[in-house]
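Each reported figure results from applying straightforward, stated rules to the coordinates on display, with no laboratory input. On a predicted model such as this, the values are computed, not experimentally measured, just so you know. A quick note on method: Cβ atoms are made from the backbone with ideal geometry, for glycine too, and the neighbour counts reach across all protein chains shown.
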Amino acid sequence: MSPAGHEQLVEQLQARWPEHRIGPGLDRERAILDLLGNPERSCPVIQIAGTNGKGSTAIMVESVLRAAGLRVGRYTSPHLVDLRERICVDGEPISAQRFDEIWSQIEPMVTMVDQQHIDGIEPTFFEVMTAMAFAVFADAPVDVAVVEVGLGGRWDATNVVDAQVAVVAPVAMDHMNILGDTLTKIATEKAGIIKPGSSAVIAGQKPEAAAVLLAQCTDAGVQPILEGPDFALLERRPAVGGQVIRIQTAGGPLGELYLPLFGEHMAHNAALAVAAVEAFMGGKPLNPQIIERGLAEVVAPARLEVVRRTPPVILDTFHNPHGAHSAMAGLTESFELNPLVAVVASMRDKDTDGVFAEMAGSVGQVVLTTMPELPRARTLEDIDAVASRYWDEDHRSQAPTVAEAIGRGIELAELAGPGAGVLIAGSVVLAGQARAILVPDGVNRLSSGPQAVVETPELSDQEIAAMEGERLEPVDDDPDGDDEETW
């Protein structure tokens with residue numbers, strides 16, 4: 001298939017029922033996979049649910065497993081720049097050719113299920129992508145699949161598997177319109193991945209979530225592996241490009257582990273990832289050299305990722321208050337940026353007010369933007385109304401496009417002088433669009449390896465200026481007139 005044909009295929013897939021909505025039931029996913037010969041049963045699965053940290057935990061689990069010599073498939077969502085990032089084999093996104101080949105194989109089965117209109121709808125975009133991932137992993141074949149839950153857990157398409165290891169990262173308030181308006185309701189959805197016969201590895205949680213998860217373990221007859229009594233982050237200290245950590249493992253304390261990611265939340269995720277791999281290995285201690293190599297080789301784009309040095313520009317995907325709290329703590333600990341300029345966009349269904357409350361103490365100036373091509377994105381007027389509660393007119397401005405907002409943020413940091421920096425956050429989509437502008441070939445040369453798969457796009461003058469740090473023409477600034485986790 002030609003590049004144009006591949007892009008047309010991607011557009012067709014994304015035109016299906018969107019992934020921020022859950023289609024009722026698992027029957028459509030099961031129907032597709034039954035027709036495919038049940039590729040989801042071709043290898044053992046480590047499944048990861050949670051509100052924040054599940055994507056980075058999946059990346060770390062994959063890296064440690066690969067350091068142990070296993071061939072690993074990883075399925076995560078959403079993607080930053082290219083849809084193929086969601087399906088990785090041997091640490092690399094599948095090629096466009098492979099993507100198209102897999103679709104040609106499963107398309108007849110998807111069409112058959114389309115015609116059934118199970119529960120009144122055709123298979124959703126996320127359900128089709130999930131089926132494609134399992135088909136890729138079966139064909140590879142891989143030794144183990146690391147599968148990130150898309151939304152919730154109980155009714156997520158990935159939950160057609162009976163995971164050998166069920167991992168639950170910290171649970172917090174997000175997607176309340178779908179999962180419920182209390183932590184107990186949200187935890188109930190995420191606890192659905194814990195099933196009889198699995199090993200349950202559970203990060204530190206707030207009491208309401210902990211009670212639900214432990215009750216599910218009891219109902220499933222599963223002995224939980226808990227952060228605190230069974231594994232833990234013991235110590236950490238900042239280091240160039242990341243941090244050095246000491247963790248409690250199945251084999252005892254293990255220290256001097258370099259993790260090329262910033263923030264205490266990432267150190268906790270690393271401890272969780274190691275515990276998950278040890279559970280997969282039957283609870284046996286891993287060779288310390290495997291853990292050391294696996295963590296040192298982690299690459300997690302847009303997680304406090306430095307994509308420019310002068311002035312510093314940092315990308316993050318946080319989009320809810322819990323994620324903002326963790327990321328802002330990591331940023332202020334690891335970087336001395338004063339003033340800090342933030343480029344922000346947000347979706348309508350997110351707690352933007354809560355996110356701004358977490359950012360306000362550290363961010364001196366905010367540049368607000370939007371993604372007009374996305375109906376879910378907050379408009380400039382909408383996001384400005386929320387931001388006005390935290391920044392006055394002299395400390396907030398607007399830009400109608402992401403590229404212009406990046407240019408404006410860089411300009412403000414340059415005018416502020418040495419020590420200033422730029423944070424781009426508030427939406428995964430924003431982080432992806434910004435990364436495509438600032439790292440156009442997908443390779444961050446400020447770090448050790450490739451972090452995305454994307455062809456170099458044609459750049460506008462505004463985008464090139466933003467990337468190179470040239471001063472842009474001024475934009476119209478006014479076009480319209482946590483608590484610690486505990487068991």
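Quick look at the values:
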item	result
Label point distance in nm, residue 296-residue 382, each placed 7 Å from Cα along Cα→Cβ	4.7
Peptide ranges 396-402, 239-245 listed from the most packed, as the mean C-beta count within 10 angstrom indicates	396-402, 239-245
Equivalent ellipsoid semi-axes - Cα gyration tensor, the range 176-235, angstrom	20, 16, 8
Positive-end residue, the chain charge dipole about Cα centroid, Cβ charges, pick of 167, 283, 99	283
Computed magnitude of the charge dipole of the range 303-468 (debye, nearest 20; Cβ of K, R +1, Cβ of D, E -1)	380
Pairs of alpha carbons in the chain whose separation is greater than 27 Å (percent)	55
Those lysines that a straight Cα-Cα span of less than 16 Å connects to residue 195, excepting residues fewer than 8 apart in one chain	none
Efficiency of FRET between residue 389 and residue 244 - r from beta-carbon atoms, R0 45 angstrom, step 0.05	0.70
³J(HN,Hα), Karplus 6.51/-1.76/1.60, whole Hz, each residue of the range 363-372, x for Gly, Pro	9, x, 9, 10, 10, 9, 9, 8, 10, x
Extended-chain gain in nm, criterion 0.36 nm per residue less alpha-carbon gap, residue 374 and residue 92	98.7 nm
Total charge dipole magnitude, the range 163-250, about the Cα centre, Cβ charges on Lys, Arg, Asp, Glu only, Debye to nearest 20	240
Contour minus Cα-Cα distance for residue 105 and residue 121 (0.36 nm per residue)	3.6 nm
Rounded FRET efficiency, nearest 0.05, which uses the C-beta distance separating residue 154 from residue 223 and R0 of 30 Å	0.90
Hydrodynamic radius of the range 303-468 per Kirkwood, over alpha carbon pairs, in Å	15.6
Amide H within-cut-off set for residue 143, under 5 Å, with H built and near neighbours excluded	71, 72, 73
Fully extended contour minus Cα-Cα distance, from residue 360 to residue 338, at 0.36 nm per residue	6.6 nm
Net dipole in debye of the range 3-296 [+1 Lys, Arg Cβ; -1 Asp, Glu Cβ; about Cα centre; nearest 20]	760
Residue 286 long-range amide H proximity, modeled H, under 5 Å	250, 251
For peptides 165-172, 153-160, 32-39, 83-90, sequence by mean Cβ density within 10 Å, most packed first	165-172, 153-160, 83-90, 32-39
Residues with amide H under 5 Å from that of residue 234, placed H, sequence gap 5 or more	246, 247, 248
Charge-dipole axis of the range 303-468 as Lys and Arg at +1 and Asp and Glu at -1 on Cβ define it, positive-most pick from 407, 440, 380	440
Signed unit charges on C-beta, dipole axis of the range 3-296, positive-most listed residue 35, 46, 295	295
Globularity index of the range 177-321, i.e. its alpha-carbon radius of gyration over 2.2 N^0.38 Å	1.17
